[in-house]
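Every number in this text was worked out from the coordinates using simple rules, so none of it is lab data. Quick caveat: nothing in here was measured; it's all calculated off a predicted structure. Cβ placement follows ideal geometry from the backbone for every residue including glycine, while neighbour counts extend to all protein chains displayed.
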Amino acid sequence: MTSIDAATPLGRPRRVAATLALLAGGALALSACGAGQISQTATQVAAVNGNSADVGDIQLRNVHVVYPDSQEYSIEPGGTVELGFTAINSNSAAADELIGISSPEAQVTIVDEAESGSTEIAPSTALGAGAPADVQLDDPLLPIQLIKVEMADISENVRPGLTLPVTFEFANAGEVVVNVPVDAGHELERSEEAVSEHSEGE
């Protein structure tokens, strides 16, 4: 093919096809290079781990069992863990109140209520429990008050990666049962030996 032929419309599709073939080959080579490697996102956990539910004017968000990060709490059967959630009162005129939380898998109590604040949720405000990361709101200007909720004498079914039924009861909105996930906690990285064995086997 002459240089004049390459510039003609008939020659252009051939060059495009050749370019696409080279790009496809490069993509395959790059994907092969990543085999056996650990990506940085493999051990990352989503910012919001919990479940959600709506009942009446109350919106429950990020409901989850907090994985223990201190000696005060334990995920072992019979131990005590914290419950994290945010309850938003979307009613702009009437207040509501969280009057109870229960689960067949633990004894749930709202502790230090006098110090942590009331369980009443004023109109267009929120009630939160757990760590600061557990009660982040889409609207940072929405007022929120914090309480602490503990789940004591947990059963063997309260394990990382599993869910357990938790019932929330509100004075006006009523009751709602949420299947609450248990935080997975800190994930262990694979050892270098395991990585090398995986790479050699390919």
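For ALA53, the shell of other residues with beta-carbons less than 15 Å away shows a net charge of -4, using +1 for Lys and Arg and -1 for Asp and Glu. Shown is the FRET efficiency for LEU137 and GLU76, computed with R0 = 25 Å from the Cβ-Cβ distance and rounded to the nearest 0.05: 0.15.
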